[in-house]
């Protein structure tokens, strides 16, 4: 019976360690940005400019100088006939 008790204790200890360990590594900001870019491009290709622009803005909230997000957000503005804002964003994307 002593062997069973030790085995149960070991299993309990192992389960306690697993409970405290994170299930998966946290998503890094670059992974989040890549996910947002993929989502935004999909929306943009479907001509859902408003939602695409919101996704680009979310990217820029965490990475304000992200050149792709700036350029693509500018593209949505240009496609929405807000040309001055589009030009400003294009210029920011190449700085």
**Item:** Mean separation of Cα contacts under 8 Å, 6 or more apart, over the residue count of the stretch 29-93: relative contact order %
**Value:** 26 percent
**Item:** Overall Cα dimensions of the stretch 29-93 - principal axes, largest extent first, Å
**Value:** 31, 25, 13
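We did not get these values from a lab; they are worked out from the coordinates using the rules stated. Not measured: the values here are computed from a predicted model.
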